[in-house]
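Enquirer: I'd like to ask some things about the structure below.
The values are calculated or read from the model by the stated rules, or taken from the named source; none is laboratory data. Here the structure is a predicted model, which is why all the values come from computation and not from measurement. Remember, those area values only see protein heavy atoms, side chains included, never the ligands or the DNA or RNA. Shrake-Rupley method; radii C 1.70, N 1.55, O 1.52, S 1.80 Å.
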Amino acid sequence: MLLLLLVLQDARAQDAGAQTADVPNAMGAHTWFIIIAVGAFLLWSISYSLQLHKEAMARKKGRDELVRHKEELLDQIADLEAQKESGAIAEKRYKHDMNDLKLRLAKALERLGTKV
């Protein structure tokens, strides 16, 4: 009799259809935390990379500016030498200007040497 009762109860349960239980996902919050943490790290990495690139471009621009300044000073020295050879400038003025240009060139070369 007991066996018959169990069989009938089982048959009624199958007729009613299987009912699923809604169980909350225990890893849901953990998954979103990982996604947000990885996203934040990727954003920081991109930002850091862009900052390094900007600084490298600024250093390159500064170095190019120093090289251009050095070339201008060398041209001025060559012009001063040409003026001395042609006699268009007095000896005292030539020495003063040459010392000034050499000092400015030495400073430019020093800064250029530290920028490398």
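Enquirer: What does the accessible area of V67 come to, in Å² to the nearest 10, when a probe of 1.4 Å is used?
Expert: Counting only protein heavy atoms, the figure is 50 Å².
Enquirer: Would you kindly find the accessible area of H96, with a 1.4 Å probe and non-protein molecules such as ligands, DNA and RNA excluded, rounding to the nearest 10 Å²?
Expert: 120 Å²
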